[in-house]
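Notes for the one structure printed next.
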Amino acid sequence: MGARQIDTGTEGLRAHTEDGVATLRIDRPQARGALTAAMWAAIPGILATFAHDPDTSVLVLTGTDGVFSAGADIHELLDHYATAEAADAYHALSAAAEQALAAFPKPTIALISGACVGGGCQLATACDLRFADETARLGITPAKLGIVYDAVSTRRTAALVGASAAKYLLFSGELIDAAHALRIGLLDQLWDRDEAPQRAYDFARTVASRSQLTVRAAKDLIDAPSLDLARVRAWEQASRTSSDVREGLAAFIERRAPHFTWNGGAPSGAV
């Protein structure tokens, strides 16, 4: 599959797909990747496009010119916090973007370089995996601004790194380096700056080459709030009726790469 550009319709966001991997790029290097209200508002629709794209199996969220995202655009926040109603409307936008990313049905990877702060970190933690280079600096900074961090984001961070590490991040608002983030589980992989993009996209292409039935089932069952037997049986039945398992077994016996063809959505009973 060749590279294909996707029109996001929004300044500061670029997107393309290639080899089964979609990339959503935060592209405001002049503002250190700061997220505007328009960008927050556009993210759910862009993700919906990729969710329904049969050529997309994995999504990579990344930044530009060595910066992931410094968070919300502070200049805009002055206006958004002019009234309680305006603040509520703004936070509804960021919460919807985060939830759309967390609920995205295909695997998601945050590829982080440089600043990953505030709203940027909020998006990164909503991804399935976080890969970074040694320049990454991560932090959740509402305590520096007097903002109460979104409750869902707070709980997601605590589930990811543990209560004590989440309190450290939220109480202090300080940035931590990549090694610290890896140690507490905020990052999953850490590579040299020169090799990180290649390693991350190699992994993404590997995932795209696997049985998407297996991958999507694993994501759905891991992310489910509780073990639902109907959900489990729906995925098991999909596996038994799909050609993927037969192809996988045949490829193993014949010592060749498998060619998986399943590209459906969650089976009935799994949602």
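Mind checking which residues of the range 119-167 are touching a residue at least 12 places away in the same chain (Cβ under 8 Å), in a helix (DSSP H, G or I) and not hydrophobic (A, V, I, L, M, F, W, C)?
GLY119, GLY120, GLN122, THR125, PRO142, LYS144, SER153, THR154, ARG156, THR157 - these are the residues of the range 119-167 that are touching a residue at least 12 places away in the same chain (Cβ under 8 Å), in a helix (DSSP H, G or I) and not hydrophobic (A, V, I, L, M, F, W, C).
Which condition number in (1) part of a helix (DSSP H, G or I); (2) crowded, with 19+ Cβ neighbours inside 10 Å is the one that ALA41 fails?
(2)
Is the range 225-232 home to any residue that is surrounded by 13 or more Cβ atoms within 10 Å (Cβ to Cβ), assigned to a helix (DSSP H, G or I) and charged (D, E, K, R)? Spell out the reasoning first.
Applying the first criterion (surrounded by 13 or more Cβ atoms within 10 Å (Cβ to Cβ)) to the range 225-232 yields 228, 231-232.
Next, only the ones that are assigned to a helix (DSSP H, G or I) stay: 231-232.
Next cut, charged (D, E, K, R) only: 231.
Checked against the condition, which is being surrounded by 13 or more Cβ atoms within 10 Å (Cβ to Cβ), assigned to a helix (DSSP H, G or I) and charged (D, E, K, R), the range 225-232 yields at least one hit.
Hey, among ASP19, ASP55, ASP27, which residue is farther than 20 Å from ALA126 by Cβ, in the same structural domain as LEU93 (by TED's automatic domain parsing), surrounded by 15 or more Cβ atoms within 10 Å (Cβ to Cβ) and in contact with a Lys or Arg (Cβ under 7 Å, 6 or more places away or on another chain)?
The match here is ASP19.
So PHE50 fits all but one of (1) at pLDDT below 95; (2) over 26 Å from ILE176 (Cα atoms); what number is the exception?
Result: PHE50 fails condition (1) only.
Just one of the numbered conditions (1) in contact with a helix residue (DSSP H, G or I) (Cβ under 7 Å, 6 or more places away or on another chain); (2) in a helix (DSSP H, G or I); (3) surrounded by 15 or more Cβ atoms within 10 Å (Cβ to Cβ) is not true of PHE50; which one?
For PHE50, the failing item is (1).
Could you please find all residues in the range 26-38 being of a type outside the set (D, E, K, R) and outside any strand (DSSP E or B)?
Of everything in the range 26-38, those that are of a type outside the set (D, E, K, R) and outside any strand (DSSP E or B) turn out to be PRO29, GLN30, ALA31, GLY33, ALA34, THR36, ALA37, ALA38.
May I ask you to say which residue of ASP133, ASP150 is among the charged types (D, E, K, R) and closer than 23 Å to ASP65 by Cα? Quick ask: steps written out before the conclusion?
Values: ASP150 fails: closer than 23 Å to ASP65 by Cα.
The conditions single out ASP133.
So HIS75 clears everything in (1) surrounded by fewer than 16 Cβ atoms within 10 Å (Cβ to Cβ); (2) under 18 Å from GLY146 (Cα atoms); (3) out of contact with any helix residue (DSSP H, G or I) (no Cβ under 8 Å at 6 or more places or on another chain); (4) modelled with pLDDT of 90 or more except one condition, right? Which one?
(4)
Right, THR23: closer than 22 Å to TYR201 by Cβ, modelled with pLDDT of 95 or more and part of a loop (DSSP other than H, G, I, E, B) or not? Outline the logic, then answer.
Working: closer than 22 Å to TYR201 by Cβ: yes; modelled with pLDDT of 95 or more: yes; part of a loop (DSSP other than H, G, I, E, B): no.
Judged against the criteria, THR23 is not a match.
Please tell me if GLU174 is over 20 Å from ALA126 (Cβ atoms), surrounded by fewer than 17 Cβ atoms within 10 Å (Cβ to Cβ), touching a residue at least 12 places away in the same chain (Cβ under 8 Å) and in the same structural domain as GLY66 (by TED's automatic domain parsing).
It is true that GLU174 is over 20 Å from ALA126 (Cβ atoms), surrounded by fewer than 17 Cβ atoms within 10 Å (Cβ to Cβ), touching a residue at least 12 places away in the same chain (Cβ under 8 Å) and in the same structural domain as GLY66 (by TED's automatic domain parsing).
The values are calculated or read from the model by the stated rules, or taken from the named source; none is laboratory data. Predicted model, so just to flag it, every value in this text is computed and none were measured. With ideal geometry, Cβ positions are generated from the backbone for all residues, glycine too; neighbour counts draw on all protein chains shown.
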